[in-house]
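Peer 1: Supplied in structure tokens, the structure appears directly below.
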Amino acid sequence: MSTRTIASTIAASVLGLSLAAQLTGCAGNGKYTTKFKEEAQGRMNMVKAGTEWDMANQQYESGDLDRALETVNTSLALNDKVAKSHLLKGKIMLELGRLEPAEESFSKAMELDPKFPEAPYYRGIIRERMERNEDALADFALAASLDRSNPQYTIAAAEVLMQMGRFDEAKQRLDPPAGSDLPRFSQNAGIRQTLGHIAMMQRDYPAAVIAFREAAVLAPGELPILEDLARAQLSAGDFAAAEANLARVLSSVKPSERRDLRMLRARCLLEIEKPVDARMILQELAQGEGASDPDVWVQLGNIAVVLEDDFRLREAGNRVVALAPRRHEGYLLLGLYQRRIGKPGAAAELLEKSAERSTADPTPAMVLALVYQQLGKPDLARQAAGRAVAISPDSPRARALAGQFGALADAPTRDQE
């Protein structure tokens, strides 16, 4: 073998060994290459899932719920380990009225991130709608414990307690005593407003006025709070303050949108001895579709009594009887009209119909007692006065009238009736 041939053989051997070593190395690194590809694909899916979530959230906020649901499902298909994706799906389901799937999504979000306060909060909303109040309360309380800076979670828990009639517990959550571990929001308008709602439900109107006034100071210009304050002031008998606040609210809305507040303002004006101003409001409300509203005509009838306007009194009474024959006010107004024109017999017949229909207002029975006295029928007058006390045992006027006729001892109780 020549020197060149030997060199060529050695070179070929070295090349073969080198190629074999490279092939062997490639075979050994294959599993690492696959792992790298899988990790890269996972990172890519996370990026795509985030992009899809952003798009779904935008669609949700714009109200395009069907497309939002489709997009968030795509996000979850790419990565189903993200709590906020399940939360978004649950919120979309909630808006679509699909409560059970929404509850499942919120539960999944809680499972993935137990410290995510929005998930139990929204699940609490679902359970409240399902009338599972104890479960809803537990969820809202959990959310409040996870995020002690958000008063909405505390308010939600208090509102569930209010629905359950547990007012003292609700107040303790909203205004916890010293030393309590519950979060405190003493300078939050929503908390004070909710305390006002509790006071209204408990018929503690002075306390409600205080709470709503504090809320109004903390959130000046908030019309719902100002409206709550006006209603509380009206219930507490502070008609002048209520009228002023109602006027402020009405100045910021279209009058046609808040007939209820205009009615309340007319009542306040009547109470503060401004019947003409009240009548102007009510006459406007009685136009068009308002002509079929019996409440407007009852108020107009009350003003007619104050202004001694017999024509309007009869008109209002007839309107109420025609629109709402089962209500007592129309017969009361017509009875008052007959009494005013000197026909006590006709008045008594109408007032009997009114008293039969009245379950909370002692006025028909009280007026009836006076009419029977005028007719020289003391026994019937005493019976009518007793009926007034039975309808409203706590009414000072009814009890005073019954005492005048000696009817207190014979007045039937509600249980006897």
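The values are calculated or read from the model by the stated rules, or taken from the named source; none is laboratory data. Fair warning: this is a prediction, and the values are worked out from it, not measured in the lab. Cβ coordinates were reconstructed from backbone atoms using ideal geometry, including for glycine residues, and neighbour counts include every protein chain displayed. Each accessible area value is taken on the protein alone, full model and side chains, heavy atoms only, with ligands, DNA and RNA left out. Shrake-Rupley method; radii C 1.70, N 1.55, O 1.52, S 1.80 Å.
Peer 1: Restricting to the range 90-130, name every residue that is touching a Pro at 6+ places or on another chain (Cβ under 7 Å) and over 15 Å from ASP66 (Cα atoms).
Peer 2: In the first step, residues of the range 90-130 are kept if they are touching a Pro at 6+ places or on another chain (Cβ under 7 Å); the result is 93, 110.
Scanning the range 90-130 gives a single hit, MET110.
Peer 1: A further question on this structure: Any idea which residue in the range 367-396 is surrounded by the most Cβ atoms within 10 Å (Cβ to Cβ), counting only those that are of a type in the set (Ser, Thr, Tyr) and outside any helix (DSSP H, G or I)?
Peer 2: First, the residues of the range 367-396 that are of a type in the set (Ser, Thr, Tyr): 372, 392, 395.
Cutting the leftovers down to outside any helix (DSSP H, G or I) gives us 392, 395.
Numbers: SER392: 19, SER395: 17.
Of everything passing the filter in the range 367-396, SER392 is surrounded by the most Cβ atoms within 10 Å (Cβ to Cβ).
Peer 1: Please go through (1) part of a helix (DSSP H, G or I); (2) free of Cβ contacts under 8 Å to residues at least 24 places away in the same chain; (3) open to solvent by less than 70 Å² (accessible area, probe 1.4 Å); (4) not aromatic (Phe, Trp, Tyr) for ALA278 and return the number of the only condition it doesn't satisfy.
Peer 2: Here ALA278 clears every test but (2).
Peer 1: A further question on this structure: Out of the range 251-264, which residues are among the basic types (Lys, Arg) and open to solvent by 70 Å² or more (accessible area, probe 1.4 Å)?
Peer 2: Of all residues in the range 251-264, those among the basic types (Lys, Arg) come to 254, 258-259, 262.
Within the range 251-264, LYS254, ARG259 meet the criteria.
Peer 1: Further question on the same structure: If a residue has to be assigned to a helix (DSSP H, G or I) and farther than 17 Å from LEU94 by Cα to count, how many in the range 54-82 make the cut?
Peer 2: Quick first cut of the range 54-82, residues assigned to a helix (DSSP H, G or I) only: 54-61, 65-78.
Of the ones still in play, those that are also farther than 17 Å from LEU94 by Cα are 54-55, 74-78.
Count: 7.
Peer 1: Residues in the range 65-88 that are open to solvent by 50 Å² or more (accessible area, probe 1.4 Å) and under 30 Å from the mean Cα position of the chain (by Cα): how many?
Peer 2: Number satisfying all stated conditions: 3.
Peer 1: Before we move on, is GLY317 part of a helix (DSSP H, G or I) and among the small types (Gly, Ala, Ser)?
Peer 2: Numbers: part of a helix (DSSP H, G or I): yes; among the small types (Gly, Ala, Ser): yes.
Here the answer is yes, as GLY317 does meet what is asked.
Peer 1: Please enumerate the residues belonging to the range 329-349 that are within 17 Å of ASN302 (Cβ to Cβ) and either surrounded by fewer than 24 Cβ atoms within 10 Å (Cβ to Cβ) or hydroxyl-bearing (Ser, Thr, Tyr) (or both).
Peer 2: Matches in the range 329-349: TYR331, TYR337, GLN338, ARG339, ARG340.
Peer 1: Might you let me know whether the range 54-64 holds any residue that is closer than 26 Å to GLY196 by Cβ, open to solvent by 50 Å² or more (accessible area, probe 1.4 Å) and in contact (Cβ under 8 Å) with a residue 12 or more places away in the chain?
Peer 2: no
Peer 1: Considering only residues that are over 14 Å from LEU333 (Cβ atoms) and open to solvent by 40 Å² or more (accessible area, probe 1.4 Å), which ones fall in the range 350-362?
Peer 2: Just the residues of the range 350-362 that are over 14 Å from LEU333 (Cβ atoms), to begin with: 352, 356, 359-360, 362.
Residues satisfying the conditions are GLU352, GLU356, THR359, ALA360.
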